[in-house]
Amino acid sequence: MVFANLLFLYLFLPLNLVFYFLSRRLAWRNAVLIAFSFVFYAWGEPVWVALLVASAGFDYMNGRLIEAYRGRWPARAALVFSLVMNLGLLCTFKYSGFLVENLNRLTGLALPVPAFALPIGISFYTFQTLSYVVDVYRGDTQAQKNPAYYLLYLSMYHQLVAGPVVRYADVAREITCRPQDAAGFSEGLTRLVFGLCKKVLVANTAGSLATQFLDGPLSQLSVAGAWFGAVLYTLQIYYDFSGYSDMAIGLGRMFGFHYRENFNYPYISRSATEFWRRWHISLSSFFRDYVYIPLGGNRRRPYRNLLVVWFLTGLWHGASWNFILWGLYWGAFIALERLFLRRVLDRLPRLVGHLYLLVLAVCGWMLFYFTDLGKLGGFLRVLFGAAGAPLWDSRTELTLLNHLFWLVLAAVFCMPVVRRVKEFAAQRLSGGKLAISLAAQTALNLGLLALCTAQLVGQSYNPFLYYRF
């Protein structure tokens, strides 16, 4: 099940809200959230609920052991056991086939290639449970004594399937105490609806157009068509994933949880370094805190540490060489910026930095899009005019003209326009005007929800790009 789905919006979520708010005690509300999270996760693949529960029970016990034997060998053993088991499961399900395929190519062997079905969201909840165990070991958070509370943390459907990566310390207090009011619920609903608009009105449109240029024969593609398709995919992946994160944050807020921001208008950045401070913030901070800094950070062999982090970042996104190349691509530019490029960019007009980042992002997303390295190479040759393709074609011109207004709006809303409007409204609407503000917000939410519903009814193209991770 996904959020941009009529079944979720008009059956699952309303039922969840009814049962949740009819429950008076927090323990009952937590039980409702766990039950609905199981239903949500089991909708497509019920068998993987057992794996999720086993992971929760396993690391709940490891956390208790670490706290009980802090500073002694059983605590270290529990940490190692957690790392080995969790990463072992992730590698088995996600990377075993990739590893065996490459081993066969290198050695000429014919080993059978495993074909495990990938449990949805395993990359996200594996990182969450690992961060919990490591934080308990470091003394950054206390071990949870109630297994139901820990199960709630790991299984909450708001962020279970596609993030953001929520750390236990960020929600530990709210698991046991989360006051709720109409303003907070309305704020969460607004965030949910705006995320839904990003997904349904922008990402799906961009994706359906992008496939017309990226999935067809390269021989029929012009240079302009290649750039247009690449820009469309650049818009799609931003609006798809940031929209999902907005919906997850909004849903959490409706139930009293405050998740950290996961996107901060990354396309307004002026460098690769800044881009990755704004894109998928929860993943970037995870690798920084649990890989980069433990390896030595900026103090010891920083460029080696960057290489390791960006290799793992690429591999995390998928068991394919194009994802590894994509990760190393970003790592290489961040390293170059540290060496000299950032100083050069700082001396140039701000517009140059913005254009540099946008070209970097568009080209980088093509590494992400094409899993077939042969087709990737062919597409890049067309993109940079090295394949003898025409510069322009009528199909690109017609598609661009038909969607020009939509394209301009999509580009504008990559910038903090909504944030500025909200800040202005917050200054104007205060005190006695709060009720008016809530009423206007509710009316706007209902109107946008109706628009998204109409779009979903007739829309067949509705993927979540990060759902597979």
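The values are calculated or read from the model by the stated rules, or taken from the named source; none is laboratory data. Note that the structure is a prediction, hence the values are computed from the model and not measured. Backbone-built Cβ (ideal geometry, glycine too); neighbour counts: all protein chains shown. Surface areas here come from the heavy atoms of the whole protein model, side chains and all, with no ligands, DNA or RNA. Shrake-Rupley method; radii C 1.70, N 1.55, O 1.52, S 1.80 Å.
Might you let me know whether the stretch 425-445 holds any residue that is open to solvent by less than 50 Å² (accessible area, probe 1.4 Å) and at pLDDT 85 or above?
Taking the stretch 425-445 first, the residues open to solvent by less than 50 Å² (accessible area, probe 1.4 Å) are 425, 437-438, 445.
Cutting the leftovers down to at pLDDT 85 or above gives us 445.
Checking the stretch 425-445: at least one residue is open to solvent by less than 50 Å² (accessible area, probe 1.4 Å) and at pLDDT 85 or above.
From the list Leu400, Leu391, Leu358, Leu380, pick out the single residue that is under 28 Å from the mean Cα position of the chain (by Cα) and touching a residue at least 40 places away in the same chain (Cβ under 8 Å). It would help to see each step written out before you state the result.
Working: Leu400 fails: under 28 Å from the mean Cα position of the chain (by Cα); Leu391 fails: under 28 Å from the mean Cα position of the chain (by Cα); Leu380 fails: touching a residue at least 40 places away in the same chain (Cβ under 8 Å).
Sole residue among the options that is under 28 Å from the mean Cα position of the chain (by Cα) and touching a residue at least 40 places away in the same chain (Cβ under 8 Å): Leu358.
Just the residues that are within 30 Å of Ala450 (Cα to Cα) and in contact with a Phe, Trp or Tyr (Cβ under 9 Å, 6 or more places away or on another chain), please, taken from the stretch 31-53.
Scanning the stretch 31-53 gives Val32, Leu33, Ala35, Phe36, Ser37, Phe38, Val39, Phe40, Tyr41, Ala42, Trp43.
How many residues are in a helix (DSSP H, G or I), surrounded by 13 or more Cβ atoms within 10 Å (Cβ to Cβ) and not β-branched (Val, Ile, Thr) if we restrict to the stretch 64-73? Can you show your working first?
The initial filter retains those residues of the stretch 64-73 that are in a helix (DSSP H, G or I), namely 64-68, 73.
Still in the list and also surrounded by 13 or more Cβ atoms within 10 Å (Cβ to Cβ): 64-67.
Keeping just the survivors that are not β-branched (Val, Ile, Thr) gives 64-65, 67.
Residues flagged as in a helix (DSSP H, G or I), surrounded by 13 or more Cβ atoms within 10 Å (Cβ to Cβ) and not β-branched (Val, Ile, Thr) within the stretch 64-73 amount to 3.
Find the residue count for the stretch 299-338, including only residues that are charged (D, E, K, R) and in contact with a helix residue (DSSP H, G or I) (Cβ under 8 Å, 6 or more places away or on another chain).
Here the count works out to 4.
Of all residues being over 17 Å from the mean Cα position of the chain (by Cα) and crowded, with 16+ Cβ neighbours inside 10 Å in the stretch 265-282, which is nearest to Arg419 (Cα to Cα)? Just the residue, please. Quick ask: steps written out before the conclusion?
Of the stretch 265-282, the ones over 17 Å from the mean Cα position of the chain (by Cα) are 268-274.
From what is left, the residues that are crowded, with 16+ Cβ neighbours inside 10 Å are 269-274.
Numbers: Ser269: 16, Arg270: 20, Ser271: 22, Ala272: 23, Thr273: 23, Glu274: 19 Å.
Ranking the candidates gives Ser269 first.
Take the stretch 360-384 and flag every residue that is farther than 15 Å from Ile324 by Cβ, open to solvent by 50 Å² or more (accessible area, probe 1.4 Å) and not hydrophobic (A, V, I, L, M, F, W, C).
Gly374, Lys375, Arg381, listed by residue number.
Need pairs with beta-carbon distance below 9 Å; first residue assigned to a loop (DSSP other than H, G, I, E, B) and within the stretch 291-302, second loosely packed, with under 13 Cβ neighbours inside 10 Å; sequence gap 6+ or separate chains.
Pairs found: Gly296/Arg304.
Among the residues of the stretch 35-53, count how many are in a helix (DSSP H, G or I) and out of contact with any Leu (no Cβ under 9 Å at 6 or more places or on another chain).
First, the residues of the stretch 35-53 that are in a helix (DSSP H, G or I): 35-42, 48-53.
If we keep only those that are out of contact with any Leu (no Cβ under 9 Å at 6 or more places or on another chain) too, we end up with 35, 39, 42, 48-50.
Qualifying residue count for the region: 6.
Hey, among Arg304, Arg288, Arg260, Arg270, which residue is among the basic types (Lys, Arg) and closer than 30 Å to Gln180 by Cα?
After ruling out the rest, the residue left standing is Arg260.
Somewhere in the stretch 347-358, is a residue out of contact with any Leu (no Cβ under 6 Å at 6 or more places or on another chain) and closer than 27 Å to Gln220 by Cβ? Quick ask: steps written out before the conclusion?
We begin by selecting, within the stretch 347-358, every residue out of contact with any Leu (no Cβ under 6 Å at 6 or more places or on another chain); these are 347-352, 354-358.
Those left that are additionally closer than 27 Å to Gln220 by Cβ: 358.
Yes; the residues of the stretch 347-358 include at least one that is out of contact with any Leu (no Cβ under 6 Å at 6 or more places or on another chain) and closer than 27 Å to Gln220 by Cβ.
So, of the residues in the stretch 283-336 that are among the charged types (D, E, K, R) and at pLDDT 95 or above, which turns out to be most open to solvent (accessible area, probe 1.4 Å)?
Arg288
Within the group Phe93, Phe38, Phe21, which residue is open to solvent by 50 Å² or more (accessible area, probe 1.4 Å) and touching a residue at least 24 places away in the same chain (Cβ under 8 Å)?
On the way: Phe93 fails: open to solvent by 50 Å² or more (accessible area, probe 1.4 Å); Phe21 fails: touching a residue at least 24 places away in the same chain (Cβ under 8 Å).
Only one candidate qualifies: Phe38.
Within the group Phe185, Phe228, Phe194, which residue is in contact with a Ser or Thr (Cβ under 6 Å, 6 or more places away or on another chain) and open to solvent by 20 Å² or more (accessible area, probe 1.4 Å)?
Working: Phe185 fails: in contact with a Ser or Thr (Cβ under 6 Å, 6 or more places away or on another chain); Phe194 fails: in contact with a Ser or Thr (Cβ under 6 Å, 6 or more places away or on another chain).
Matching residue, one of Phe185, Phe228, Phe194: Phe228.
Counting only residues that are under 10 Å from Arg270 (Cβ atoms) and part of a helix (DSSP H, G or I), which one in the stretch 338-354 is most open to solvent (accessible area, probe 1.4 Å)?
In this case the residue turns out to be Arg350.
Out of Arg347, Arg381, Arg395, which single residue is of a type in the set (D, E, K, R) and farther than 19 Å from Gly225 by Cβ?
On the way: Arg381 fails: farther than 19 Å from Gly225 by Cβ; Arg395 fails: farther than 19 Å from Gly225 by Cβ.
Testing whether each residue is of a type in the set (D, E, K, R) and farther than 19 Å from Gly225 by Cβ leaves just Arg347.
Of the numbered conditions (1) part of a helix (DSSP H, G or I); (2) in contact with a Pro (Cβ under 6 Å, 6 or more places away or on another chain), Asn262 fails exactly one; give the number of that condition.
(1)
Which residue, of Leu189, Leu196, Leu214, is more than 26 Å from Leu446 (Cβ to Cβ) and not polar (S, T, N, Q)?
On the way: Leu189 fails: more than 26 Å from Leu446 (Cβ to Cβ); Leu196 fails: more than 26 Å from Leu446 (Cβ to Cβ).
Testing whether each residue is more than 26 Å from Leu446 (Cβ to Cβ) and not polar (S, T, N, Q) leaves just Leu214.
Name every residue in the stretch 3-18 that is open to solvent by 30 Å² or more (accessible area, probe 1.4 Å), farther than 20 Å from Ala182 by Cα and in contact with a helix residue (DSSP H, G or I) (Cβ under 9 Å, 6 or more places away or on another chain), in order of residue number.
Hits for the stretch 3-18 are Asn5, Leu6, Tyr10.
From the list Phe286, Phe275, Phe257, which one is touching a residue at least 40 places away in the same chain (Cβ under 8 Å) and in a loop (DSSP other than H, G, I, E, B)? Steps first, answer last, please.
Details: Phe286 fails: in a loop (DSSP other than H, G, I, E, B); Phe275 fails: in a loop (DSSP other than H, G, I, E, B).
Answer to the selection: Phe257.
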